[in-house]
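> Got a structure here, written out as structure tokens. Questions coming.
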Amino acid sequence: MTAVQKISKYVLVFLKYLSLVFFSIVAVLPLVSVLITAFKTDTEYQQTNVMTLPESWLNFSNFTQAFVKANMGRAFVNSTIILICTLAASVLIGTQLAYVLNRFKFPGNSLIRNLFLFASLLPGVAMQVSVYEIMWKLHFINTLPGYIVLMCGTDVISIYIYIQFFENIDFSLDESAIMDGASYFTIFYKILLPLLKPAIVTSCILKGVGTYNEYYMAHLYLQDQKRLGTVATSLYTFVGPLGSKYNLICAGVIISLLPALIVFITCQKQIYSGLTAGSVKG
Amino acid sequence: MTATTRSAKPAGRTFGQWLKSRDGQKVLVMIAFMIIPLALLFTFTYLPFAEMFGFSFYDMKYIGTRKFVGMKNYIKVFQRDDCFGALKLSLYYMAGSVVQLVLALYLATILSFKVKGGSIFKGFMFFPFLVNGIAIGFIFKFFYTRGFVFDTVLQWCGFQLDNLPYWLRDKRINNISLVATSVWRYFGQNMVLFIGAIMSVDSELYEAAMLDGANKFQQFKYIIMPSIKTIITLNVILSITGSLSAFEPPYVITDGANGTGTYFVVMNEIAHTQQKVGLASAMAIVLLLIIFAATILQKLFFKYVFKNAEDEDLNAAAKRDKKLAKLAARKAGR
């Protein structure tokens, strides 16, 4: 290697790391500034620049205050109930549908697939104009069960993840079970469902993050915020009179981010692979 | 398993017997497994879709009397400046998504090769995708406030505060500020998708290319690009339709004030605050039609482009095959 080649190689490596570091900073800077501010006392917040580090990293008073003011205890309970019910129901519904669509050939099979695919193209915000009317008629507004039923509805990505997974499970497995006289229900619950576990984990993480972060529909259909607020909508408490107490708001924001952060750190790989799997076909 | 599923009830068997047979079981399981998802799909997607179409011809609120007005709502959509005119803002979001895609592709290419601390960089850049919308609203209201985070950082870089605009109020810049938050949120996610696609490329291709002395740029152009064409196409289509239906950044950060109200923000306001459900429905239908038209046009466009490219690519593919063959020969000769 000549000297010129060597130098240009070092320059390239330097540029590579420079851009990685730069964009990583861009990504975390807004979050770091929020974290810094969350630890500041009221006087500190008013007197120092936002980017000055707080005097004490152990000042948790903003966090406790935000937690109480935004009624976040209740919100975490609600979000947990919604998460568990939605995930359980949509796993069951999704895997069953994928099973039928993948294993049985029948007229209308591809029509059903296309109906789901087309549904995913409709922008959610636009649909809520009339979904709201239907939720009203069903008396689903301001009830947790109603909201949960709505959230179980259209979820094309996980159906596709399941169908893809079914495609890789050998058909001879079903056939030998049929020979042994097992019913289709037994085949599905006893043989196939356990094999689907990785796909279920992947889609649960994706759907879970989406459900936890959902605020538009939650705000629309769970209007009684004191009783039915979720973690995301509990942050609405800080709109209005509290709107300029950013040290408090930042603490609230950080609390709402913690569950997502924990899931991200523990399940990074599944999140990445889930996104990739969902995008290829979707 | 045979493909005959709609087996009619054979003569000489009772319904009960048929139900117990394989075919009967099959139909039973199909009904049991599909009825709930299809009911949900119908109730929360296709029924509202049909209703919305109906609403668009009425002057109505969610509760109360309805008055048939024919095409008046549609005429209003095109006449009112805050409705159809709001689609101009989509251009900002389209430009933003181009930046986002290019950036994501660049970073994905870097991260697909050996990089120290690669997964940490990846994690940092991806995490914004997991932040909930309301939090994003607060984070960026805070970030862009006069003299706060963004201004401070720019002052560190030598800018004077007096020369800096009000990021969310100044009409010349506020839409760009909002688009930037959207890029911030999604570039890491796009990057992860691209990394996934690049990783699925056969690594022998890179080895072959390296042995032939191809540089990084050539590797990118001839090996990476062709193999992730599909996912890029998909993302371009998604980002254009996404730009037309841009909603979240203005909704959570500025609430559509100071000329940042995109089409959907205006529609949301008309539907849920003013309760002019008919007009909002007409707006939704108009935009849906535009989105479908855009999607179909793009699909046709990409089909046309790639068809031409494919013809050219035959040469490239042949070259690639030759390279692989050469590599195999070299390995065998060793």
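> Which of the residues spanning region B:54-72 are more than 9 Å from chain A (Cβ to nearest Cβ) and either closer than 21 Å to residue A:110 by Cβ or among the hydrophobic types (A, V, I, L, M, F, W, C) (or both)?
B:57, B:60, B:68, B:69, B:71
> List the helices (runs of 4 or more DSSP H) inside region B:1-79, counting only whole elements, that have at least 2 residues being modelled with pLDDT of 85 or more.
Here the list reads B:22-41, B:47-55, B:72-79.
> Of all residues in region A:218-233, count the ones that are within 11 Å of chain B (Cβ to nearest Cβ) and either aromatic (Phe, Trp, Tyr) or surrounded by fewer than 21 Cβ atoms within 10 Å (Cβ to Cβ) (or both).
3
> In the set B:138, B:121, which member is within 8 Å of chain A (Cβ to nearest Cβ), under 20 Å from residue B:262 (Cα atoms), buried (at least 16 other Cβ atoms within 10 Å of the Cβ) and more than 22 Å from the chain's Cα centre (by Cα)?
Matching residue, one of B:138, B:121: B:138.
Per-residue answers, yes or no, for (1) within 30 Å of residue B:121 (Cβ to Cβ); (2) among the β-branched types (Val, Ile, Thr); (3) away from chain B (no Cβ under 14 Å):
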| residue | (1), (2), (3) |
| --- | --- |
| A:37 | yes, yes, no |
| A:43 | no, yes, yes |
| A:46 | no, no, no |
| A:54 | yes, no, yes |
| A:60 | no, no, yes |
| A:64 | no, yes, yes |
| A:76 | no, no, no |
| A:99 | no, no, no |
| A:115 | no, no, no |
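> What number of residues within region B:50-70 satisfy the criterion of being within 13 Å of residue B:280 (Cα to Cα) and not charged (D, E, K, R)?
9
> Still on this structure, I have one more. So which helices (runs of 4 or more DSSP H) are wholly in region B:100-177 and hold at least 2 residues that are in contact with a helix residue (DSSP H, G or I) (Cβ under 8 Å, 6 or more places away or on another chain) and touching a residue at least 24 places away in the same chain (Cβ under 8 Å)?
Helices (runs of 4 or more DSSP H) meeting the threshold: B:118-126, B:133-144.
> Within region A:154-170, does at least one residue satisfy the condition of being at pLDDT 90 or above and either surrounded by fewer than 16 Cβ atoms within 10 Å (Cβ to Cβ) or facing chain B (nearest Cβ under 7 Å) (or both)?
Checked region A:154-170: no residue is at pLDDT 90 or above and either surrounded by fewer than 16 Cβ atoms within 10 Å (Cβ to Cβ) or facing chain B (nearest Cβ under 7 Å) (or both).
> If we scan region B:260-269, do we find a residue that is surrounded by fewer than 18 Cβ atoms within 10 Å (Cβ to Cβ) and part of a helix (DSSP H, G or I)?
Yes.
> Where in region A:129-194 are the helices (runs of 4 or more DSSP H), entirely inside, with at least 2 residues that are of a type in the set (Ser, Thr, Tyr) and more than 17 Å from residue B:39 (Cα to Cα)?
So the answer is A:156-167, A:171-179.
> Moving on to the next point. Looking only at residues in region B:293-309 that are surrounded by 13 or more Cβ atoms within 10 Å (Cβ to Cβ) and more than 14 Å from every other protein chain (Cβ to nearest Cβ), which one is modelled with the lowest pLDDT?
Restricting to residues being surrounded by 13 or more Cβ atoms within 10 Å (Cβ to Cβ) and more than 14 Å from every other protein chain (Cβ to nearest Cβ), the top hit is B:309.
> Sort out which residues of region A:98-114 are among the polar types (S, T, N, Q) and either under 19 Å from residue A:171 (Cβ atoms) or more than 26 Å from the chain's Cα centre (by Cα) (or both), and write them in order of number.
Residues satisfying the conditions are A:102, A:109, A:110.
> Would you say residue B:279 is buried (at least 21 other Cβ atoms within 10 Å of the Cβ) and either within 27 Å of residue B:136 (Cβ to Cβ) or modelled with pLDDT under 90 (or both)?
Answer is no for this residue.
> Please go through region A:123-163 and give me each residue that is within 28 Å of residue B:262 (Cβ to Cβ) and free of Cβ contacts under 8 Å to residues at least 40 places away in the same chain, ordered by number.
Residues satisfying the conditions are A:123, A:126, A:127, A:129, A:130, A:131, A:133, A:134, A:136, A:153, A:154.
> Something else about it: Could you tell me whether residue B:221 is out of contact with any Pro (no Cβ under 9 Å at 6 or more places or on another chain) and either in contact (Cβ under 8 Å) with a residue 24 or more places away in the chain or over 26 Å from residue A:22 (Cβ atoms) (or both)?
In short, no.
> Checking the structure you have, find out if any residue of region B:108-123 is among the small types (Gly, Ala, Ser), in the same structural domain as residue B:247 (by TED's automatic domain parsing) and under 25 Å from residue A:123 (Cα atoms).
Looking through region B:108-123, none of the residues is among the small types (Gly, Ala, Ser), in the same structural domain as residue B:247 (by TED's automatic domain parsing) and under 25 Å from residue A:123 (Cα atoms).
The values are calculated or read from the model by the stated rules, or taken from the named source; none is laboratory data. As the structure is a computational prediction, the values presented were derived from the model and not from experiment. All Cβ positions, even for glycine, are placed from backbone atoms using ideal geometry, and neighbour counts span all protein chains on display.
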